[in-house]
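Here's the structure we're looking at; comments come further down.
The values are calculated or read from the model by the stated rules, or taken from the named source; none is laboratory data. None of these values were measured; they are calculated from a predicted model. Methodologically, a virtual Cβ is constructed for each residue, glycine included, from the backbone with ideal geometry; neighbour enumeration extends over all protein chains shown.
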Amino acid sequence: MSGKKKIKSQYEQVKEILNLLQGKTVPSYQGLHAFWLDPETFMTASLYGQRLIAPKDNNDSNQNSNGCSGTKSSSSTSISSKQPANNNPGCCGSKKKISDTASLQPAVTAVQQPPTLESIGDCWPSGGSGGGGNNPTKKRSDNSAIIIGLKGQYPFDDSIFPKLLWDADASASTDQIQTIANWIDADCPLTLEEEKNNQSEILRASTTNNHVALAKGELLHQVSTNKTNKDHRDNKGLTIRKEVSSLTSEELKTFREALNCMFQYTDYWQDERSFDYWARIHTDSCQHGWEQFTTWHRLYLYFFEQKLQDYDPNIALPYWSWTDYADQNKNTFNNKEYDLGILPEAYGCYLTEKGLNKLKDQKNSEGKSILNKKEVSALEKIVKKGTIYNSGLRFLKAARIPYEIINVNNVAVWSDKIRIIYDTLKETNPLWFPNRWPGSMGPLSQYPTKDDINLLLSLDNFGDFGGGPSYDHHYGSLEKVHNGMHNFSGGTNPTYPDNSDEWKKIYQKLKLTPDPQSKENPIYGWMTDNRITAFDPLFWAHHSNVDRLWARWQELHTGTPQEMNAVLAPWSMTVQDTMSIQKLGYTYMKDSVFYNVSSKVGLIKFNSAPTKVSSNTLDTHRKAEIKIHRVQRGNLQNAHIRVFLNSPKATIDTPTNGNEHFVEEISTFHGSCYGGPGHCNLPLDKTRQFDYRQLHHHEPRNYKINATDAVQRVLNNGDKDITIQLVILGIDGKQIDNAVYIDGVSLNFMD
């Protein structure tokens, strides 16, 4: 017996849907009864004068003429009563006859030009046709009574007839209606063979209908599964640096892959693909203790990120929001117990099944397994639980594997067993670092809270915030906090003799002299030493947060460093070049959720699926923002866009005053198209290196809406997820269906 699932034709799916909806009771339907079971009846019958499936000649001219109704469609397209006839050859690319001279006269002219003697067509290259000016396509399914009735639209809205199906307990879902509509618009194929012969038409109909249903708000726009920066890059947006806990599993995986690839070039000191090459730049050139601290490190992050984007253009450096972990760390500092601190899980060590199998195969010099049975059993439990540890010592303790140091030429190094385990852990997660014991540096340690950071951001003088110039150099308050977090995240090594009586005895037994700068068993973690700190991958997330705090301070204040023309070696750029992160092409967000929208169809209503946002983001964000991406500016009518949250039934009649779900209303401002053919098309992408022209007048623009208060209101109501609705209406307050064309909507959270 074959387990292969039988493939059902579209028509079989339609029958199943209607059978399920109708149930056991089937009304007469004017003697048609279960009309959907007989194809010939279904295709040709009318119910009280309403054709169940509209004939093809009532539809757009793009439909094929060999459909099941056997009629050919007219090649003409009627003008919507809502729209004036379009006499402008530039708006829709239509060609005019030579005698149609009136329509060729520009509406605005400075100099009278000779009359055009012949049509010039559309010979100038452009970025592609935009949404403006085209009349919305009326599909065959839109005119079919079965679709109109299942939706409960006139005359099946109880004004004349009740909603279809009659005497049925269930109402059709949007997906069920869409399946039937797709079948009608695909020419009503009855068998799998007909579908195979008409595959292109079926795909066209399904794609078009889904776009239209989404544009009407009948289907939910789903959260994009792309990497955040692919969506923003495709929409000509800035690179988004997210809080590390908000990275998707795919984004984190790609970031780790890039670092693992960089580690392959470690032995090549002058190769910019090497991670250590970039770490040594900090060793040789870092600026601390004066005003170039913020500016130099901004460029350092920028150029390292550019190198990562050579591996994958969607990579962005994440930041580590220290204050998100303040509550968890309240008992891990300001004491004498070491290696207790909590870091983001992305930087912890863990073991996978692949890593475990690798360790099981490892032999010592005597040919025996490096792991005993108890250790293997403990590791199997760790793998099964998926536990993540903040240090290698904590991992070894959980696995009941003793940490071992041996004497090699009077140098303290890991035993072969520890080296193999650490190498495996590092390969599994290249963001983890062996010489890292986060937590206490002793009783004088401190950890910043939100109140501390808010006090820091309230400083209104750059010198106080970021440090002084070369002739009056001093530490700024931001760097002081930064220093403490370097020490916390590197931490104190509990196995160094100065920190442990037990390890004093072990060193004496091994005849080892303690070395604070030991490569494998130093007194403190490498994050505590500014000459080697950048070798720890956590450094980059730490400094991204420093840069984010400076960017936030810049939003609040106008102060700048004093030496603006100073060159930031080893680069040729100056302090002035670092003043805008937007000009450097990036911004910071706690998290960002993106919805792709088809700009091929005029938007009537945008209705999103629930936005899955982490509880940490919802609890700790400072600002929430809705962004409407790439609103077209061609030959379009002006419109209003009303923005709601968690209001899926919102319409043009939904009140805004006193409505806690209402966010904001924005108005578009477009204009008529007075140019030649193609003048209203989207502009070419700006790709020429020395093209310094400003934005093209038809370049799609973005709208940003502050949704902070509205998000808080829906959260206060107990909602766990967030949905977004956009309702489009004309400036006359009536529904309008071809005035707004966009490429996406995003919900963004900022720290």
All helices (runs of 4 or more DSSP H) inside the stretch 444-504 with 1 or more residues being crowded, with 20+ Cβ neighbours inside 10 Å and among the hydroxyl-bearing types (Ser, Thr, Tyr) = 477-490
Apart from one, (1) farther than 24 Å from residue 213 by Cα; (2) part of a strand (DSSP E or B); (3) of a type outside the set (Asp, Glu) all hold for residue 618; the odd one out is (2)
Exactly one of 316, 258 is on the phi < 0 side of the Ramachandran plot, modelled with pLDDT of 95 or more, among the small types (Gly, Ala, Ser) and out of contact with any Ser or Thr (no Cβ under 6 Å at 6 or more places or on another chain), and that one is 258
Scan the stretch 330-343 residue by residue and report those that are in contact with a Leu (Cβ under 9 Å, 6 or more places away or on another chain) and either farther than 18 Å from residue 525 by Cα or surrounded by fewer than 22 Cβ atoms within 10 Å (Cβ to Cβ) (or both).
-> 331, 334
Residue check, residue 534 touching a Ser or Thr at 6+ places or on another chain (Cβ under 8 Å), part of a helix (DSSP H, G or I) and surrounded by 22 or more Cβ atoms within 10 Å (Cβ to Cβ) | yes
Just one of 711, 745 is in a strand (DSSP E or B) and in contact (Cβ under 8 Å) with a residue 60 or more places away in the chain; which is it?
-> 745
When only residues in the stretch 341-396 that are of a type in the set (Lys, Arg) and closer than 15 Å to residue 419 by Cα count, which is modelled with the lowest pLDDT?
-> 363
Of all the residues that make up the stretch 577-628, how many are small (Gly, Ala, Ser) and farther than 30 Å from residue 738 by Cβ?
-> 5
Can you name every residue in the stretch 663-708 that is among the acidic types (Asp, Glu) and either exposed (fewer than 14 other Cβ atoms within 10 Å of the Cβ) or not in a loop (DSSP other than H, G, I, E, B) (or both)?
-> 664, 665, 685, 691
What about residue 606, is it over 19 Å from the mean Cα position of the chain (by Cα) and either part of a strand (DSSP E or B) or of a type in the set (Lys, Arg) (or both)?
-> no
Filter result for the condition that a residue is without any contact (Cβ under 8 Å) to a residue 12 or more places away in the chain and under 30 Å from residue 302 (Cβ atoms), over 545, 461, 454, 530 = 454
Residue 612 vs. criteria at pLDDT 95 or above, of a type in the set (D, E, K, R) and either surrounded by 19 or more Cβ atoms within 10 Å (Cβ to Cβ) or under 30 Å from residue 448 (Cβ atoms) (or both) = no
Look through the stretch 204-249, keep the residues that are part of a helix (DSSP H, G or I) and in contact with a Gly (Cβ under 8 Å, 6 or more places away or on another chain), and return whichever of them is nearest to residue 609 (Cα to Cα).
-> 215
Only one of (1) among the β-branched types (Val, Ile, Thr); (2) farther than 19 Å from residue 599 by Cα; (3) surrounded by 21 or more Cβ atoms within 10 Å (Cβ to Cβ) is not met by residue 212, so which one is it?
-> (2)
Restricting attention to the stretch 186-195, does a residue exist that is within 33 Å of the chain's Cα centre (by Cα), outside any loop (DSSP other than H, G, I, E, B), surrounded by 16 or more Cβ atoms within 10 Å (Cβ to Cβ) and acidic (Asp, Glu)?
-> no
Using the structure shown, decide if residue 606 is over 30 Å from residue 327 (Cβ atoms), buried (at least 22 other Cβ atoms within 10 Å of the Cβ) and not small (Gly, Ala, Ser).
-> yes
Being outside any loop (DSSP other than H, G, I, E, B), closer than 25 Å to residue 368 by Cβ and either charged (D, E, K, R) or within 37 Å of the chain's Cα centre (by Cα) (or both) is the filter here, so list the residues in the stretch 405-443 that pass it.
-> 416, 417, 419, 421, 422, 423, 424, 425, 426, 427, 428
Which ones in the stretch 319-374 are in contact with a Ser or Thr (Cβ under 8 Å, 6 or more places away or on another chain), aliphatic (A, V, I, L, M) and not in a loop (DSSP other than H, G, I, E, B)?
-> 346, 359
Looking for whichever is of a type in the set (Val, Ile, Thr) and either modelled with pLDDT of 95 or more or not assigned by TED's automatic domain parsing to the domain that holds residue 181 (or both) here; the options are 71, 25, 41. Which one fits?
-> 71
Might you check whether a residue that is of a type in the set (Val, Ile, Thr) and modelled with pLDDT under 90 occurs anywhere in the stretch 161-174?
-> yes
Only one of these conditions is not met by residue 634: (1) over 23 Å from residue 314 (Cβ atoms); (2) among the small types (Gly, Ala, Ser); (3) modelled with pLDDT of 95 or more. Which number is it?
-> (3)
Within the stretch 6-54, the count of residues that are outside any loop (DSSP other than H, G, I, E, B), aliphatic (A, V, I, L, M) and in contact (Cβ under 8 Å) with a residue 24 or more places away in the chain comes to 7
Out of all the residues in the stretch 622-657, which are assigned to a strand (DSSP E or B) and β-branched (Val, Ile, Thr)?
-> 626, 628, 631, 641, 643
Mind listing just one residue for me: the one in the stretch 278-291 that is surrounded by fewer than 23 Cβ atoms within 10 Å (Cβ to Cβ) and not hydrophobic (A, V, I, L, M, F, W, C) and, of those, nearest to residue 531 (Cα to Cα)?
-> 283
Taking interchain pairs and intrachain pairs at least six residues apart, which have beta carbon atoms under 8 angstrom, with the first residue in the stretch 291-310 and within 15 Å of residue 537 (Cα to Cα) and the second in a helix (DSSP H, G or I) and of a type in the set (Ser, Thr, Tyr)?
-> 301/544
Taking residue 402 as the residue in question, decide whether it is under 23 Å from residue 340 (Cα atoms), assigned by TED's automatic domain parsing to the domain that holds residue 520 and over 41 Å from the mean Cα position of the chain (by Cα).
-> yes
